[in-house]
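*Asks:* Please see the structure below; I have some questions.
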Amino acid sequence: MSRLAFIREQAKKKPVQANVIVGRNFKHGSNVTIGGDGFGYEKNEQGEYEFMQHFGDVYIGDDVKIGSNTCIDRGAVEHTQIGNGTKIDNLVHIAHGVKIGDNCLIVAGTVICGSTEIGGGTYIGANVTIREHLKIGNNSYIGMGSVVTKNVGDNEMWYGNPAKFIKTI
Ligand SMILES: CC(C)(COP(=O)(O)OP(=O)(O)OC[C@H]1O[C@@H](n2cnc3c(N)ncnc32)[C@H](O)[C@@H]1OP(=O)(O)O)[C@@H](O)C(=O)NCCC(=O)NCCS
């Protein structure tokens, strides 16, 4: 099925609000938005963008902190997830269907694009952009300002634009 056909199938379903399921000891700053629609559009035959109705939820683990003005979108079909103990700074965007493991630190200004998976124990420095549908390994380290365009393995440091493998840590 084409993406456009899929979007039209989804549009036939009744829209429902996202469920946001939050664990114990949740802390957050001001103006945090969790469970908004993801940025899902596809160009149709007339050259106009059709919106894809989202149905996923957002699951947030225990002991999570989310800083001010951070947005965590609901998934289109799959859920968006934040693992136990993960701390997210101000002005971070977590797109639809992103899955973040336990005990990660994500510094301000970072954008994680749709469906990317971040392994547990990972550090993501200030103002990083990570492309959609990537896998970032456990205990990895992404240096500030990086634009990550490829999968990152476990225990690897990457940085730069485009981000390159620097060393095993
Ligand atoms: C990745 C990081 C840990 C590397 O630090 P480091 O090991 O001290 O590296 P150095 O400063 O010695 O730099 C080594 C080289 O890599 C370059 N470099 C370092 N970090 C870089 C980055 N994020 N992007 C691009 N190049 C980088 C340096 O310019 C230097 O280049 P040179 O050899 O041509 O002089 C660090 O730059 C970083 O990103 N830290 C996270 C910062 C952050 O997000 N802070 C938020 C705190 S709330």
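*Asks:* Specify the residue with the greatest mean-square fluctuation among SER68, SER140, SER115, computed from a Gaussian network of the chain linking alpha-carbon atoms under 10 Å apart.
*Replies:* Of SER68, SER140, SER115, the most mobile in the Gaussian network model is SER68.
*Asks:* Ignoring everything except DSSP H segments at least 4 long, calculate the 222 nm mean residue ellipticity for the chain; use -39,500 (n - 2.57) per segment, divide by total residues, nearest 500. Could you put the intermediate results ahead of the total?
*Replies:* Numbers: 1 runs with 9 residues, N = 169.
Roughly -1500 deg cm²/dmol at 222 nm, from the helical runs in the chain.
*Asks:* Report, to two decimal places, the Cα Rg of the chain normalised by 2.2 N^0.38 Å (N = number of residues). It would help to have the intermediate numbers written out before the result.
*Replies:* Working: Rg = 16.2 Å, N = 169, 2.2 N^0.38 = 15.5 Å.
So the chain has a normalised radius of gyration of 1.05.
*Asks:* Where the accessible area of the range 1-148 is counted over protein heavy atoms with a 1.4 Å probe, how much of it, in %, is carbon and sulfur?
*Replies:* Working: 3710 of 7390 Å².
It is 50 percent, rounded to a whole number.
*Asks:* Then there is this: Is the range 1-65 rounded, prolate or oblate when judged by the Cα gyration tensor, a ≥ b ≥ c being the square roots of its eigenvalues, rounded requiring a/c under 1.5 and prolate requiring a/b larger than b/c? Don't skip to the answer; put the middle values down first.
*Replies:* Numbers: a/c = 3.60, a/b = 2.52, b/c = 1.43.
Because a/c hits 1.5 or more and a/b exceeds b/c, the range 1-65 counts as prolate.
*Asks:* List every residue whose amide H lies under 5 Å from the amide H of ALA163, counting only residues 5 or more places away in sequence or on a different chain, with H placed 1.01 Å from N in the peptide plane.
*Replies:* Correct list: VAL147, VAL148, THR149.
*Asks:* Label-point separation (nm) for LEU4 and LYS164, each offset 7 Å from Cα along Cα-to-Cβ?
*Replies:* It is 4.1 nm.
*Asks:* Cβ neighbours within 10 Å, averaged per peptide: list 146-152, 95-101 in order, most packed at the top.
*Replies:* On the way: 146-152: 18.6, 95-101: 24.0.
Peptide ranking by packing, descending: 95-101, 146-152.
*Asks:* Measuring from a point 7 Å past the Cα of LYS12 along Cα-to-C-beta, which residues in the range 44-59 have an amide N at less than 15 Å?
*Replies:* Residues 53 qualify, since their backbone N sits under 15 Å from the label point.
*Asks:* Can you tell me the relative contact order of the range 107-148? Whole percent, Cα pairs under 8 Å, sequence separation 6 or more.
*Replies:* Relative CO of the range 107-148 lands at 42 percent.
*Asks:* Another question about this same structure. Do you know the relative contact order of the chain, to the nearest whole percent, from alpha carbon pairs under 8 angstrom that are 6+ apart?
*Replies:* Details: 546 pairs, mean separation 22.2, N = 169.
Over the chain, the number comes to 13 percent.
*Asks:* Now a separate question. If I ignore ligands, DNA and RNA and count only protein heavy atoms, how much of LYS43 is accessible to a 1.4 Å probe, in Å² to the nearest 10?
*Replies:* In the full protein context, LYS43 sits at about 110 Å².
*Asks:* Rounded to the nearest 5, what % of DSSP beta bridges with both residues in the chain are antiparallel?
*Replies:* Working: 7 of 43 bridges.
Rounded to the nearest five, the antiparallel share is 15 percent.
*Asks:* Search the structure for amide H atoms under 5 Å from the amide H of ILE136, placed 1.01 Å from N in the peptide plane, and list their residues when 5 or more places away or on another chain.
*Replies:* Long-range HN contacts for ILE136: GLU117, ILE118, GLY119, VAL152.
The values are calculated or read from the model by the stated rules, or taken from the named source; none is laboratory data. Being a predicted model, the structure only gives us computed values, none of them experimental. Positions of Cβ are backbone-derived with ideal geometry, glycine not excepted, and every protein chain shown enters the neighbour counts. When the accessible area is computed, the model is the full protein with side chains, heavy atoms only, and any ligands, DNA or RNA have been set aside. Shrake-Rupley method; radii C 1.70, N 1.55, O 1.52, S 1.80 Å.
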